Structure formats: C-alpha cells, structure tokens
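The values are calculated or read from the model by the stated rules, or taken from the named source; none is laboratory data. These numbers come from a predicted model, not from an experiment. So basically every Cβ, Gly included, is an ideal-geometry build from the backbone, and we count neighbours across all protein chains shown. Each accessible area value is taken on the protein alone, full model and side chains, heavy atoms only, with ligands, DNA and RNA left out. Shrake-Rupley method; radii C 1.70, N 1.55, O 1.52, S 1.80 Å.
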Amino acid sequence: MMTVTRDNISARKCVSSPAFYLAMGASALAALIVAVALASTRATGSPNFTLPPGAVYINPLEYNVLGADYAQWRTNDSFVGFNPTNTTPPFIQVFDSSFLDITGPDATIRLVSSHPGFAFAHEAPIYVPDLNVVFFSSNDGGSFGYSSWYNNSVVSMLNMTEVDIAIASITGNVNVPAQTLNLSDTVQMVNGGTGPYKGNLLFITSGRALLPPSIVLVNPNPPFNTTVLLDNFYGRQFSALNDIKVLPGTDIMFFTDPTYGWLFDFRPEPMIPSQVYRFDPSTGQVRVVADQFVHPNGIAFTPDGRTAFVTDTGAANGLMANNQTYPATIYQYDVDPVTQSFTNRRVFAYSDTGIPDGIQLDTNGNVYSGCGDGTHVWSSQGTLIGKFFVNTTSAEMIFTKSGLLIFAEESIYLANIQAQGIDLEVY
C-alpha cells in the first residue's frame, strides 16, 4: 500500500518525462526509482496487511537511520527494550509480515498468573499434555527469587484448564494461582527442564552451596518421587547446570553448564570450563560436545536432530556489572551424525535487548528465545520477525494447547497464537 504525497507526485512527473530518460544513464535512473519507492514506503507507517488486535508494526526501513538527535538512543542499558512507538505493554511487535503466520489474526497477550514481589516464574517449563499442566521454577539467586547459598528455589505448576476457564469468563487479565511442589532435598535450584521424558519431568539443577548440580527425573504426580541421574563429571562437580534438551529420536540428553551459581553467590568458585555436554543414560557416558563460551545457557534442536542451537549469555554477569560487549548470541551448530558432537559453529542471531536465555522452536523452524523485553522470534534464517513485548526480562516460554506461555519472573503471560511447538516428549 502506498501513500501519495505532493513530493511523490512531483517525482513521478519528473520520471515520466522522455527528456529525463534521455538525460540519465540506466544505473542512475534505477537508483532514482528505488529512492522514490523508498520515500513512498517511509511516508506511510501503516502496513499493507492486517495486524492482530493491539499489535504494532515496526517497519525496519523507518529506523535504519536515526540521526544524532534521536532521543531514545539505547546507550546505557541494553536490557531496556526497543519500543519506538511507546506502546503500552504487553503487546505484539511485528517486524515482518511472516510473523502473522505465527500469531494468527486474533492473537493477544494476557496476564494469567502473577505473584508481585516474588520471581516465581523464571525457567524450566515443562508442559504435560495429559495433565494440561505446566511445571516451572522460580529464579535461583536473582532478584526477588529469595534463593541463595542458604535457601532453595521453588518449583510450581500451573493448571492450564483453570487458565482456560478463567480467560473465557472475562476479556481482561486474570490471576490463576500456581501450586508449589514439595520436592526431595536432592533437587536444589532447578533451572532447566524438558519433557515429559518417559512419563517424568526431566529437570536440571544448578546445585546450591556444596550440594552438587544434577540431572533429575521427577514424577509429575504426588508425591513427586525423584531420581537423580547424574551429578558429576568423573568425580568433578559441574559449575551450575542450566538447561537441557533431548536429541530428537533418541533418549540422549544434552545440557549446558555456565558459572551463574558462582556469579549469583550460591555456588563455589567454578573448577571446570563452561561447556555443553552429552549424557547417555543407558550407558552412563558423559562427554563434552561444545566449548568456547562465556556463559552457555539455553539449548534446543531442530525436529530432525541435525541442527543444534545454544545461547551464550555472556553479557549478563549475575551480581557483577553487565557487559554489553560480551555475547548475547544464539549460535547454530551441525550435529555430527556419528559422534553427536556440535560442529560448524556460526552465529544464528544476536539479541538487541538483554540476553537470549531459554530457547524453543515451532514446527515451522522459527526460533523463540526469552530476552530482556519479552520473547523474541527469529525465522529459520535468523531474521528477527517479531516480539511478544512485555517490557521486562522473560527468560523462558513453552507451547501449550492454549498458546504460548511466557515466563516473566513475577508474571506469566499467555499469547493465544496459532503456531505449534515441536514435540519435546520422549516415550
């Protein structure tokens, strides 16, 4: 759709003159035509497609050049989101029309659960379809997590059937309470999760104080019986295990180990590099498959298991000052078909706001990551196509039957989108 302005009309009259064609070379003429089209595009802030209710379109062409007098340069804090329209959050931010294939025509974002003053909704989301329940963990060591060297984090669950009933009754926000689980003391500082894994919740823990980080299975039904699968690398404790996924088509686990336990002062100083590991529970073999990270964090695979994604959140340094020149990057790898090591590392995407923490994929290959202002979505080629903008750090998200559940520390949001997540269940 093109908006006609006086300048556009003048330019078109000029271009339509035969004398003008004769006077110009072909390359110069082509450049002028592009310039006229670009000016017409910039003249309209409206897209030529229909947005979901309350969604905002950000045309990248309008922000390629801001100029020295731009009043909203983001120089001091990369965790402050890019919201040039000053739209009140939460809202859907569209950078490319392909994002509408994800949202659908009627998508909205609604608050469905909250606990002001307590970061109860941080990471480790696992959706159990048979129960229609999502399990997740509170913040371990960070702001409003109330966990430390001396105190464990909390694992909770949210009944999505109750959420569906609540949001059907009113048009605004709702607050469905989450239920806290009473888990074994062997489960310390849950930070990542996936599954269901053969009927169980597969959690990864960061450990606490001298209690080791571990991979644990938890029965999703009371009394939530727990089995520890791994808590060391040949007698050496891990630093603070962070996230975990299972390679599709197998029961082999891959997990990340950054140093956030030490950086948040609830684990001893690290004694092992920050790496990505492979663990085969059938043989007990554990080995490194990727290194050269500052802080390896989220991990995910494509459904065919041929490609892996690992986020490096080096820009976030726990209780120390953040460093905006360090990675806030999603790396992409090939998975070796024989050894399952990660090879051919390349940059997939860099987060403009905060860090890309947890990571999930939908069935069309789009990549979702929790960042400093909400959930960012990139196409399979690494192009940022949209955001679920909540104006606060959102470390994780998970697909459910009701839509995309977004974890934002003190709040949980539901985006009723039409995209579907890849199947994470291991049978």
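Overall form of the stretch 113-170: oblate. Here a/c, set by the Cα gyration tensor axes a ≥ b ≥ c, is 1.5 or more, and a/b is not larger than b/c.
Overall dimensions of the chain, expressed as equivalent-ellipsoid semi-axes from the Cα gyration tensor (√(5λ), whole Å, largest first), are 43, 24, 20. Only protein atoms count toward the accessible area here, which uses a 1.4 Å probe; on the chain, the carbon and sulfur part of that area reaches 54 percent. Ordering R208, R236 by accessible surface, largest first, gives R236, R208; the 1.4 Å probe counts only protein heavy atoms, with every chain in place. Taking every C-alpha pair closer than 8 Å and separated by at least 6 residues, the mean separation divided by the residue count of the stretch 109-161 gives a relative contact order of 32 percent. Excluding ligands, DNA and RNA, the accessible surface per residue across the stretch 144-303 is 41 Å² with a 1.4 Å probe. Once all protein chains are placed together, D96 keeps about 60 Å² accessible to a 1.4 angstrom probe. Of the complete DSSP H runs in the chain, those spanning 18 angstrom or more by Cα along the long axis with a mean Kyte-Doolittle score not below -1.0 are 26-43.
Ratio of Rg to Rh for the stretch 147-284: 1.03 [Cα atoms; Kirkwood radius as inverse mean 1/r over pairs]. From its DSSP helices (H runs of at least four residues, each -39,500 (n - 2.57)), the chain gives a residue-normalised ellipticity at 222 nm of -3500 deg cm²/dmol.
Applying the criteria of a DSSP loop state and at most 14 other Cβ atoms within 10 Å to the chymotrypsin sites (Phe, Trp or Tyr not before Pro) of the stretch 153-245 yields Y234.
Contact order for the stretch 284-427, expressed relative to its length and based on alpha carbon pairs under 8 Å spaced 6+ residues apart, stands at 15 percent.
Expressed as a rounded percentage, what relative contact order does the chain have, with Cα pairs under 8 Å and six or more residues apart? The value is 16 percent. Counting lysine pairs in the chain whose alpha carbons fall under 25 angstrom apart, excluding pairs fewer than 8 residues apart on the same chain, gives 5. A 1.4 Å probe, protein heavy atoms only, puts the accessible area of S282 near 90 Å². Think of the stretch 67-154 as a dipole: +1 on every Lys or Arg Cβ, -1 on every Asp or Glu Cβ, centred on the Cα centre; then among Y150, T108, T85, Y150 lies furthest on the positive end. Given a 1.4 Å probe and the protein chains as shown, T226 ends up with an accessible area of around 40 Å². Rg and Dmax of the stretch 326-426, both derived from C-alpha coordinates alone, stand at 14.0, 43 Å.
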